[in-house]
1. Filter region A:195-218 down to residues that are of a type in the set (D, E) and under 20 Å from A:S231 (Cβ atoms), then give me how many there are.
2. Tell me, yes or no, whether region A:41-63 has at least one residue that is exposed (fewer than 12 other Cβ atoms within 10 Å of the Cβ), of a type outside the set (F, W, Y) and within 14 Å of chain B (Cβ to nearest Cβ).
3. Any chance region A:188-211 includes a residue that's at positive phi and of a type in the set (S, T, Y)?
4. Quick one: in region A:185-203, which of the residues that are part of a loop (DSSP other than H, G, I, E, B) and near ligand 1 (Cβ under 10 Å from one of its atoms) is nearest to A:F242 (Cα to Cα)?
5. Please find, among A:D35, A:D71, A:D66, A:D100, the residue that is on the phi > 0 side of the Ramachandran plot and surrounded by fewer than 19 Cβ atoms within 10 Å (Cβ to Cβ).
6. From the list A:N199, A:N227, which residue is touching an Asp or Glu at 6+ places or on another chain (Cβ under 8 Å) and surrounded by 14 or more Cβ atoms within 10 Å (Cβ to Cβ)?
7. Only residues that are in contact with a helix residue (DSSP H, G or I) (Cβ under 6 Å, 6 or more places away or on another chain) and either within 16 Å of ligand 2 (Cβ to nearest atom) or within 12 Å of chain A (Cβ to nearest Cβ) (or both): list them for region B:38-55, please.
8. Just checking, does region B:23-37 include any residue being within 10 Å of chain A (Cβ to nearest Cβ) and either without any contact (Cβ under 8 Å) to a residue 40 or more places away in the chain or over 10 Å from the mean Cα position of the chain (by Cα) (or both)?
Amino acid sequence: MMVLEGLEVKGEEGSNMEIDIKEKNDNELTCIVEDVDVSFINAIRRICTVEVSTMAIDTVSIFKNDSTLFDEVLAHRLGLVPLKTDLEAFVLPSECDCEDECPSCSVSLVLKEKGPRVVYSGDLVSAHEAVTPVYDSIPLLKLKEGEEVELEAIAKLGTGLEHAKWQPTTACAYKYYPLITIDDSCEECMKCVNECPRNVLEYDESENKIIIADIENCSACKTCMNNCEQSAINVDAVENKFIFKIETDGSLSPEEVLKNACDILNNKSEKIVAFCKEGAKK
Amino acid sequence: MIPVRCISCGKVISAFFDEYKKRVEDGENPKEVLDDLGINKYCCRRMLITHVEAW
Ligand code: SF4
Ligand code: SF4
Ligand SMILES: [Zn+2]
Ligand SMILES: [Zn+2]
């Protein structure tokens, strides 16, 4: 491990961590992570949800709103619209040199529409070509004949620590890799097969035994165990092996979120290493 | 108006509401439409199934 350069490391250097991608599309990534412990994978999960920053609308100046929605409700809906985020192009407002707002920490989005129509997120006109809503089809408000809306929204970088609208992830979780064992006392009564809510178990007719058909789908609910009169089936977890799923709101890709989470963790550990080295010198 | 996101997990379900509504009105099975739109978690599915557009 790079951060430990120059320090004496007892035992194995680094870990044998292995990652296998199981499923992947635009906003979702499921992988199997081996040879890590709970504290490490949980640190990554928590940083992914609340410390990786994204863009979201933070303040809204409403000049005109004739719709039936209250200004506060409209501003809240705008805040929840995910925006495509380029983390290289912007800095957090707290780290920006400016007093209030400037192009390196904020982007303005303008909305000006006349009824009758439904106004969608795609109607927002952004001042920055890269910062646009992830989806154009989010209904924001409805205008009747003669009604108008006119507003300016300011989007800024932020983290989930402050507000959930700045969380890049929606579902971000891991589960233990399940381990199911069936011993010789099994009488092939089929109870476990029929009771499993996730169709993990199957009966193999040619071999006359219960087989585990889809282990990764098992939720470790233990329904099979509780229904087995012979106590033949046991559900446990593989040690230090996890199924990690990360789903984002589209503002960043799952890979970007993971990479940034690792950078944040790295920076934190580097600070500790620097502190230890300083301390050793004195 | 439909909430912008699923109130449990935060997925942006409102972006699919117009399509969901139209396809269900055209006679498609809601289950198949939801599967097709990639709305897989039950928290998100109930957002669309139970929504009543009041105004
Ligand atoms: S319920 Fe128990 S005895 Fe019956 S098939 Fe399953 S493991 Fe075997
Ligand atoms: S623990 Fe639950 S999901 Fe897993 S095999 Fe048993 S019944 Fe099925
Ligand atoms: Zn600034
Ligand atoms: Zn949900």
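1. So the count comes out to 1.
2. No, there is no match, as no residue in region A:41-63 is exposed (fewer than 12 other Cβ atoms within 10 Å of the Cβ), of a type outside the set (F, W, Y) and within 14 Å of chain B (Cβ to nearest Cβ).
3. First, the residues of region A:188-211 that are at positive phi: A:188, A:190, A:199, A:208.
With the extra rule that they be of a type in the set (S, T, Y), the set shrinks to none.
No, because not a single residue in region A:188-211 is at positive phi and of a type in the set (S, T, Y).
4. First, pick out the residues of region A:185-203 that are part of a loop (DSSP other than H, G, I, E, B): A:185-190, A:196-200.
Filter once more, so that each one left must be near ligand 1 (Cβ under 10 Å from one of its atoms): A:185-190, A:196.
Numbers: A:S185: 29, A:C186: 28, A:E187: 31, A:E188: 30, A:C189: 31, A:M190: 29, A:C196: 21 Å.
The selected residue is A:C196.
5. On the way: A:D71 fails: on the phi > 0 side of the Ramachandran plot; A:D66 fails: on the phi > 0 side of the Ramachandran plot; A:D100 fails: on the phi > 0 side of the Ramachandran plot.
The conditions single out A:D35.
6. On the way: A:N199 fails: surrounded by 14 or more Cβ atoms within 10 Å (Cβ to Cβ).
Step by step, each of A:N199, A:N227 is checked, and only A:N227 is touching an Asp or Glu at 6+ places or on another chain (Cβ under 8 Å) and surrounded by 14 or more Cβ atoms within 10 Å (Cβ to Cβ).
7. Matches in region B:38-55: B:I39 only.
8. Pass one, region B:23-37, residues within 10 Å of chain A (Cβ to nearest Cβ): none.
Taking every residue of region B:23-37 in turn, none turns out to be within 10 Å of chain A (Cβ to nearest Cβ) and either without any contact (Cβ under 8 Å) to a residue 40 or more places away in the chain or over 10 Å from the mean Cα position of the chain (by Cα) (or both).
We did not get these values from a lab; they are worked out from the coordinates using the rules stated. This one's a predicted model, so the numbers in the text were calculated from it and none came from an experiment. Glycine also receives a Cβ, built like all others from the backbone with ideal geometry; neighbour counts cover every protein chain displayed.
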